[in-house]
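The structure under discussion appears below in the form of structure tokens.
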Amino acid sequence: MEFEIGIGKNGRRAYGFDEVAIVPSRRTRDPEDVDIRWEIDAYTFALPMMASAMDASVSPATAIAVGTLGGLA
């Protein structure tokens, strides 16, 4: 559904994170049964997250926190 927001301009409805609900399906997974580890060569990481090596996008404190939690930083 589109809305007119100006002369010759239309907009669509957008949703935020607090407006969307995720409903479990018939196949529910137990968190203890799910393994989110990943590997690069001989290195294994517990958290599926990779922080950038650029100090303009990731602060040193954030990179340390990601590394402490098990991600690649």
Could you tell me whether residue 11 is at pLDDT 85 or above, over 30 Å from residue 68 (Cα atoms) and open to solvent by less than 100 Å² (accessible area, probe 1.4 Å)? yes
Out of curiosity, is residue 49 open to solvent by 80 Å² or more (accessible area, probe 1.4 Å), more than 15 Å from the chain's Cα centre (by Cα) and on the phi < 0 side of the Ramachandran plot? no
Determine whether the stretch 20-34 contains at least one residue that is more than 15 Å from the chain's Cα centre (by Cα) and surrounded by 10 or more Cβ atoms within 10 Å (Cβ to Cβ). no
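The values are calculated or read from the model by the stated rules, or taken from the named source; none is laboratory data. Remember, predicted model here, so these are calculated numbers, not experimental data. Cβ sites come from the backbone with ideal geometry, for glycine too, and all protein chains shown count toward neighbours. These accessible areas exclude ligands, DNA and RNA; they are computed on the full protein's heavy atoms, side chains included. Shrake-Rupley method; radii C 1.70, N 1.55, O 1.52, S 1.80 Å.
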